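Scroll down for the structure; my scribbles are underneath it.
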2 protein chains.
Amino acid sequence: MDSSKKNSIDNGEVQVSRRGFLGKGAALGLAGAAVALAGCKAEGGNAGTGASTAAAAPAHAHGGSEVAPGQLDDYYAFISSGHAGEARVLGMPSGRTLKRIPVFNMDCMVGWGITNESKAIMGTRPDGTLKYTTGDTHHVHGSYRDGTYDGRWLFINDKLHSRVARIRMDTMECDKITELPNVMGMHGLFPDKCDPVDKSVNYTTRVFCGAEFHIPLPNDGHDLDDPAKWGALFTCVSASTMEVMWQCRVDGNMDLVATSYDGKFAASNQYNTENAADLAGMMAAERDACVFFNIERIEQQVKAGKFTTIGSSKVPVVDGRLAANGDPKTALTCYVPVGKNPHGVNASPDGKYFVCSGKLSPTATVIDLARVAQWFGGALKDAREAVVAEPEIGLGPLHTAFDGKGNAYTSLFLDSQCVKWNVDQAIAQFKGDKAAKVIIEKLDVHYQPGHNYSSMGETRQADGKYLNSGNKFSKDRFLPIGPLHVETEQLIDISGAAMKLVADHTAYSEPHDGIIVKREVVKTRQIYTMTDFPNAVTAETAGVERRGNKVHVRLMSQAPSYSMPVIKVKKGDEVTLTLTNHDKVEDLTHGCALPTYNINFIVNPQETKSVTFKADHAGAFWLYCTHFCHALHLEMRSRFLVEA
Amino acid sequence: MDSSKKNSIDNGEVQVSRRGFLGKGAALGLAGAAVALAGCKAEGGNAGTGASTAAAAPAHAHGGSEVAPGQLDDYYAFISSGHAGEARVLGMPSGRTLKRIPVFNMDCMVGWGITNESKAIMGTRPDGTLKYTTGDTHHVHGSYRDGTYDGRWLFINDKLHSRVARIRMDTMECDKITELPNVMGMHGLFPDKCDPVDKSVNYTTRVFCGAEFHIPLPNDGHDLDDPAKWGALFTCVSASTMEVMWQCRVDGNMDLVATSYDGKFAASNQYNTENAADLAGMMAAERDACVFFNIERIEQQVKAGKFTTIGSSKVPVVDGRLAANGDPKTALTCYVPVGKNPHGVNASPDGKYFVCSGKLSPTATVIDLARVAQWFGGALKDAREAVVAEPEIGLGPLHTAFDGKGNAYTSLFLDSQCVKWNVDQAIAQFKGDKAAKVIIEKLDVHYQPGHNYSSMGETRQADGKYLNSGNKFSKDRFLPIGPLHVETEQLIDISGAAMKLVADHTAYSEPHDGIIVKREVVKTRQIYTMTDFPNAVTAETAGVERRGNKVHVRLMSQAPSYSMPVIKVKKGDEVTLTLTNHDKVEDLTHGCALPTYNINFIVNPQETKSVTFKADHAGAFWLYCTHFCHALHLEMRSRFLVEA
C-alpha cells in the first residue's frame, strides 16, 4: 500500500495531516490561548531532552500485533470505557474485543438492566425502575496477592454517580455496585495490595476512591452559594463486602489513586488545591499536590471512635485536611507538592516510588515512599523533601507506566508522544549529576494520548513487553465515520531497545484506562452450577403458579425448545418469568425475548434469570430464543397468551 | 508461534478441539436426535461433492487482514448485532470496529435514549419514558441507485418489536424508527432497487419487511386458542417518509427478503408453510416455499381501493395467501416450492436468480426470475418450474453470497463450512449434465456459520474480493472469557482460485448479517451545521428562562468551558437543558453529564442536543464534560444548583 495515497482519497474533509491537526491545536486553546502553560519552556518538549523517533508515518514497520486464525492472544487487556459505562476485555496483541461487560450501562444483549438479578445489582427506585442507566467508567484495576494479580476481581469506578463496581474475573460479570455517600465525581480508584499492619493479609481487602468534585456536606441544598465551605472526601470500600468503611476529608480535587506494595499508603494526585470553584482559581497556585493517606493511622482513629458523620450517612469521616494535620507524627495525610494540576499518580513495580505528572508543567515528579514514611515519622522538615526527582519530560505529561527494568513511559498529551525515561537517571540528575541521561526515546502517538499502561506494569511482575497508549483523537488514522471519530488504542512493543508501534487498534469512545494481564492469571468458569441459583427451575417446579393477580411462570430451556409451548396469563397480572437453561454444553446459551413487552435476556448453560412485568396489554406474543442455539433456533418459541 | 502449544495451555476447560466440539454437536440435537434431518443423505456433505480444503488448524497461512498503523481499510462493513440492538461499522480487512451506531438500544456514551431528540426517534410512552429499551437487529442493507449502493441510507430491522430503523450514512446516525402494525417477529428486510413501473426511479424508494410469527389479526386478545386463524403479513415501508405503505397477508412464516434489480419482485423464503404452531407441525411438509410478491399488481390493487384494514390500523392490507391467488394472471404472490425450512434468499449480482437454501435439506434452490415473470404471465403450469437448479451442497445450508464471477458461497451450519459452487454448472447439472462440476471448494469455518456476505456482493458491482462468515460459536478460537463465549466473523479472501481464511475477527454477540461496501461509496459529513438545529443556542439566546416551574437552561460549550459557570433552579422545577457545541474543530466533541440526575450525552461540533428532567432533589451538582476535549477537560464544569 502506498501510504500517501491511502491517506488522501475518499473524503475531502479527511485530508488533515498530523501537522495540520497539531496546528489546529491552537484552536483548542492548547497553545497561545488565555491559559498559559505554567512552567513550560519552549525547548522543554522537543529539544535537548531526547531524540524523537517519529518522522514520516508510518514510522515503524509493523508486525507483531496480528494473531493468526486459531491462535490465542498472549495477554488480556481489561479496559474502562468512559461514558459508555461498561468494562471491556480485549485480547493482546491482536486488540480483538473478547467481551463487553455491562456495568453501569444497560445492555439488551445479555439483559443487563432488564432482569431482576441485574436490576438488584444496578439499583432501583421505589417503583422498581432503574435508578441510573448512565455511567462514566474511568479506571479499572485488578485485585492483588503477593504484589501481583490474583485473578479474582476487577474494580471499576463510575465518576458520574460516584459508584464502585466489582467484576468477578471467573465469570467476567459485575456482581456488586456501591454508591458512595458524601462525594461527587469519584474519579480515581485503586485496590490495596496488602494490609498496612497484618502482613499475612498480603492480598486486596480495600478499594480506595478519590473524589474529584467539592460539594456541600451534606449536599442537601445548603451552602449552595458558598463553595469555600464545600469539600471532597477520600473513601475506603471493603473489597469483600463492597461496603464503605470510612472516608477522609481533604483539600483539593482528587484525581487518580495509587497504593503502595507494603499496604501503608494510598495516594491521590490533586489539582485545585486552591479549593476554587472556577477555572482561573483552579490554576492559581504554582504547585498542586499528591496527597498520601496513612492507612494505619486513619483506621486507628476510626476504631477509636474519633470521627464524625455527614448528614444521614453513617460512614465514619476523619479530617485529612492540611490545617488539621500540622504535626507529621500524628498526621493522617501528607501533601507532597508536585507540578501544577497533575493528572496521574503511578506506583513503580519495585515498590519504591510514586510518579506524578504535571499536566500544566512539563515535569514528572518522583516521590520516594521511604521518605514519605520518614515524613510521617517526623524525620523530614518539609513534605517536598520526599521528592527525589522531577525531570522535564515534555509537554502535557499525564500518566506513567513501567517496564520493570527501571524505565518509565509517560504520555505527553500536548506533544502527542510517549516519552521513555529512566527513573534512576532522573534521580541522579535531581541530585546534580549533569551527565545523567534521563530521556531515552520519544515516540509519536496519534493523537493526544491520555492513559497509557504496560503489560503487568502495575504489579511486581511488570514484564516490559507491551505498552498501550489510549489516545483521545484518531483524526485521519481510520476511515471516516461522520462527525464523531473513533478513538484509538495504539499498541507499542517495548521489549526492544527502541519502542515499536505495532498496531492502531480502534476503541469505541472513550477508552480511558486499563491493565494488561498475562493470560495465565485468568482462570474462568465455563459452565454455571444450577444449584448456585436458589430460584432455579427444575422439572418438579416448572409450570405456572397463580396467587391472586401475581403469576409466577417457571420455564426451562433445552435446545430447541422451552418447556411450555403455551403460557397463559390475564391482562393486569403481575408476571414473574423465571427461566433456567438446562443445556449443559459449553456456550449453549439461550435467549428469551417477549415482543412488545420490552423483555430480552440470555441464560447461559445451567444459569437462571428472571424478569417481573405487568401484563398490561392483551394478545398473543411469541416468546422466542434470541441467542443462536441450534439448527432449529428459529423454531424455538412459545405462545405467551395474555387474555383480555 | 507453536499452534499446538497455544491451544493447550491456560485453562483446562478450553481444551476442546474442533473435532471434540463437533462430537458435542450430538448433545445439541444436531445429529441423531429426535429431529430427523429430512432429505439429508449421509454422503451429501462430505463425499463426492467436492474436496474439503480443511485439515489441521490453522489450515491457511495468514496475512492480508492486518492494516498497518496509519493505513486505511479498503472497505466498510456494516453489520447488525442481533439482540445487542445496535448497528456496527467495521473496517475491512482489519476487522476494526469503527463505530457502534445505537439504534434500538440505549447508549449512554452518546446519550441515545437520554436526549429528547433520540427519545423522539426511539418512541416514548405517555409519561415520557422510552417505550422500548431492547431490540433484536438481524439484517442491515444499504439504499441503492443503478443497482449499487448510493451511500445514502442503511435500513435495519428489529425482530423483537417489529420495527424498521433508518440510518443516515453521512452522519452514521439513526434518524427514524417505525413500528409496524399487525405483525410480530419482523425478521427479514430489504430495500428495493428500482420502481417496478417507472424505470427512471432507479433508486430505493421502498423497504420490504417479512414477518415471521403468526398472530391473531388484530392482536387484541381474541382467537388466542385458535392459531389456525392467525396470520403473517409482508410489509412495504416508504424509504423517504418511513411510513407504512401497504401490507400483504401470506401463508407461512417469512424469514429473509430479497429484491430484484428490475424492481418487479420482492421475495421471502418461508418455513412453516404448514401454518403450524408447534415444532413438529412446522416441519411436517417435505417442501416449504419462497414467496414472490408482484409489486406492481399489489400497488395497483391498493390504488384501486381493493384492500382491507386490520383493527385500528389504517394500513391497506391485501390478500396474498395461496387460496386467494389461484390464477397466476391476477395473482399478487407466487409460492415457489423449495427445500424444507429454508433459511435464506439471496439475489445474484447478474440480476437473474434468487437462491434459497434448505436448512433441513442439503440443497440450494436456484430460482430463475424470468421464469417467475412467466408464471405471473400464465406461461408456466407450476411455480416449481421456476426452479432451474437444486444442487446438493452440504448439511445445513443457510445463506448464499456471490463473487460476481458466477460463483456462489453458501454457509453450511451443520458442516461448519463455506461451500463455493458454480451457478451455471448447477443449472447444467439440473438439466442432466452429469459431467457438471458444481462444487468447487469447501472451507472449514469455526464454527456453525449463520450469515455470510461478500464485498459488494449484493450489488451489480460484486467484486469477489472478500467473504465474511458470521459464526455462531467460536469455542476454542479465543481466550476464555467465562460462560458466554465471544462470537466470530471470519474473513475469507475469495479473490484467488482457492478460498483463504485470513482472519478470526471477534464480535460481541450476535453478529448476524452485514454488507461489505467499498470505501469510495461512503461520503460522510465531518461537521454539523449549527442552523440545522432549530433549537441551537447562540450568544443571543443563551441563559436561563423561567415560565412558572418550567425552566429552560440554554447552554453553549467551547473548550474548555460551558457558557455559564453557575446554573440555578428550584427543587420541583421541570428543567429543559439545551446545549449547543460552538467548537468548530473536527471531532472536538463535548459531553454533558449531571451527577445523580442520570444525564449524559455528547454534542459534536456545531451540534445541539437537549434533555428534560424534573429537579427532584436539592443540592449542588457539578455538570461536567465527559468527552475528552482539551488539556483542561477535567476542569470543564459548571455548578448546577438546585435550591431546596
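The values are calculated or read from the model by the stated rules, or taken from the named source; none is laboratory data. As the structure is a computational prediction, the values presented were derived from the model and not from experiment. Neighbour counts are summed over all protein chains in view; Cβ atoms, including those assigned to glycine, are modelled from backbone coordinates with ideal geometry.
For region A:91-100, the criterion of being touching a helix residue (DSSP H, G or I) at 6+ places or on another chain (Cβ under 8 Å), touching a residue at least 12 places away in the same chain (Cβ under 8 Å) and in a loop (DSSP other than H, G, I, E, B) is satisfied by no residue at all. Consider region B:97-150 and keep the residues that are aliphatic (A, V, I, L, M) and under 30 Å from B:Tyr261 (Cβ atoms). The one that is surrounded by the most Cβ atoms within 10 Å (Cβ to Cβ) is B:Val103. Mind listing just one residue for me: the one in region A:189-239 that is surrounded by 17 or more Cβ atoms within 10 Å (Cβ to Cβ) and of a type in the set (Asp, Glu) and, of those, farthest from the other protein chains (Cβ to nearest Cβ)? Per the stated criteria, the residue is A:Asp195.
State whether one or more residues within region A:203-225 are among the β-branched types (Val, Ile, Thr), in contact with a strand residue (DSSP E or B) (Cβ under 6 Å, 6 or more places away or on another chain), farther than 23 Å from A:Phe307 by Cα and modelled with pLDDT of 95 or more. There is at least one residue in region A:203-225 that is among the β-branched types (Val, Ile, Thr), in contact with a strand residue (DSSP E or B) (Cβ under 6 Å, 6 or more places away or on another chain), farther than 23 Å from A:Phe307 by Cα and modelled with pLDDT of 95 or more. Taking the condition more than 33 Å from the chain's Cα centre (by Cα), farther than 29 Å from A:Leu130 by Cα and part of a loop (DSSP other than H, G, I, E, B), does B:His617 pass? It is false that B:His617 is more than 33 Å from the chain's Cα centre (by Cα), farther than 29 Å from A:Leu130 by Cα and part of a loop (DSSP other than H, G, I, E, B). Inclusion of A:Arg321 among residues that are closer than 26 Å to A:Asp220 by Cβ and either modelled with pLDDT of 95 or more or small (Gly, Ala, Ser) (or both) is warranted.
In a residue-by-residue description of region A:107-114, the property of being among the β-branched types (Val, Ile, Thr) and under 29 Å from B:Asp127 (Cα atoms) applies to at least one position. Within region B:240-264, the set of residues being buried (at least 24 other Cβ atoms within 10 Å of the Cβ), assigned to a strand (DSSP E or B) and not acidic (Asp, Glu) comprises B:Gln247, B:Cys248, B:Val250, B:Asn253, B:Met254, B:Leu256, B:Val257, B:Ala258, B:Thr259.
Does A:Arg206 qualify as being among the charged types (D, E, K, R), under 17 Å from the mean Cα position of the chain (by Cα) and closer than 30 Å to A:Arg321 by Cβ?
Details: among the charged types (D, E, K, R): yes; under 17 Å from the mean Cα position of the chain (by Cα): yes; closer than 30 Å to A:Arg321 by Cβ: yes.
Spelling it out, A:Arg206 is indeed among the charged types (D, E, K, R), under 17 Å from the mean Cα position of the chain (by Cα) and closer than 30 Å to A:Arg321 by Cβ.
Can you tell me which residues in region B:559-568 are over 30 Å from B:Thr524 (Cα atoms) and surrounded by fewer than 20 Cβ atoms within 10 Å (Cβ to Cβ)? Across region B:559-568, the qualifying residues are B:Met564, B:Pro565, B:Val566, B:Lys568. Checking the structure you have, find out if any residue of region A:526-537 is crowded, with 20+ Cβ neighbours inside 10 Å, away from chain B (no Cβ under 12 Å) and in contact with a helix residue (DSSP H, G or I) (Cβ under 6 Å, 6 or more places away or on another chain). Looking for residues that are crowded, with 20+ Cβ neighbours inside 10 Å, away from chain B (no Cβ under 12 Å) and in contact with a helix residue (DSSP H, G or I) (Cβ under 6 Å, 6 or more places away or on another chain), one finds at least one in region A:526-537, hence yes.
Could you tell me whether A:Ala57 is surrounded by fewer than 20 Cβ atoms within 10 Å (Cβ to Cβ) and modelled with pLDDT under 95? Break it down stepwise before answering.
Values: surrounded by fewer than 20 Cβ atoms within 10 Å (Cβ to Cβ): no; modelled with pLDDT under 95: yes.
No, not satisfied.
Screening B:Pro342, B:Pro328 for residues that are closer than 30 Å to A:Ala631 by Cβ, touching a residue at least 24 places away in the same chain (Cβ under 8 Å) and of a type outside the set (A, V, I, L, M) leaves exactly one candidate, B:Pro342. Of all positions in region B:378-400, at least one carries a residue that is closer than 20 Å to B:Gly464 by Cβ and out of contact with any Phe, Trp or Tyr (no Cβ under 7 Å at 6 or more places or on another chain).
Taking the criterion of being assigned to a loop (DSSP other than H, G, I, E, B) and surrounded by fewer than 21 Cβ atoms within 10 Å (Cβ to Cβ), the residues of region B:583-614 that qualify are B:Lys584, B:Val585, B:Thr596, B:Asn598, B:Gln606. Could you please give the count of residues in region A:151-162 that are within 13 Å of chain B (Cβ to nearest Cβ), surrounded by fewer than 24 Cβ atoms within 10 Å (Cβ to Cβ) and farther than 18 Å from A:Ile79 by Cβ? So the count comes out to 0. Confirm whether A:Ile527 is at negative phi, of a type outside the set (Lys, Arg) and touching a Pro at 6+ places or on another chain (Cβ under 8 Å). Yes; evaluated as a whole, the condition is true for this residue.
Quick one: in region B:625-644, of everything that is hydrophobic (A, V, I, L, M, F, W, C) and not in a strand (DSSP E or B), which residue is farthest from the other protein chains (Cβ to nearest Cβ)? Lay out the reasoning, then the answer.
Here is the first cut: in region B:625-644, the residues hydrophobic (A, V, I, L, M, F, W, C) are B:625, B:628-629, B:631-632, B:634, B:636, B:640-642, B:644.
Adding the requirement that they be not in a strand (DSSP E or B) leaves B:625, B:628-629, B:631-632, B:634, B:636, B:644.
On the way: B:Cys625: 10, B:Phe628: 4, B:Cys629: 8, B:Ala631: 6, B:Leu632: 6, B:Leu634: 7, B:Met636: 8, B:Ala644: 3 Å.
Among those residues, the one meeting the criterion is B:Cys625.
The criterion of at least 1 residues that are of a type in the set (Lys, Arg) is met by the following strands (runs of 3 or more DSSP E) wholly inside region B:376-471: B:417-422, B:439-444. In the set (1) more than 7 Å from every other protein chain (Cβ to nearest Cβ); (2) among the aromatic types (Phe, Trp, Tyr); (3) under 28 Å from B:Leu398 (Cβ atoms); (4) under 41 Å from the mean Cα position of the chain (by Cα), A:Trp622 fails one condition alone, (1). For the residues B:Thr137, B:Thr124, the requirement of being touching a residue at least 40 places away in the same chain (Cβ under 8 Å) and either within 11 Å of chain A (Cβ to nearest Cβ) or touching a Lys or Arg at 6+ places or on another chain (Cβ under 9 Å) (or both) singles out B:Thr137.
Listed residues B:Ala277, B:Ala211; which is small (Gly, Ala, Ser), touching a helix residue (DSSP H, G or I) at 6+ places or on another chain (Cβ under 9 Å) and in contact (Cβ under 8 Å) with a residue 12 or more places away in the chain?
On the way: B:Ala211 fails: touching a helix residue (DSSP H, G or I) at 6+ places or on another chain (Cβ under 9 Å).
Of the residues listed, the single one that is small (Gly, Ala, Ser), touching a helix residue (DSSP H, G or I) at 6+ places or on another chain (Cβ under 9 Å) and in contact (Cβ under 8 Å) with a residue 12 or more places away in the chain is B:Ala277.
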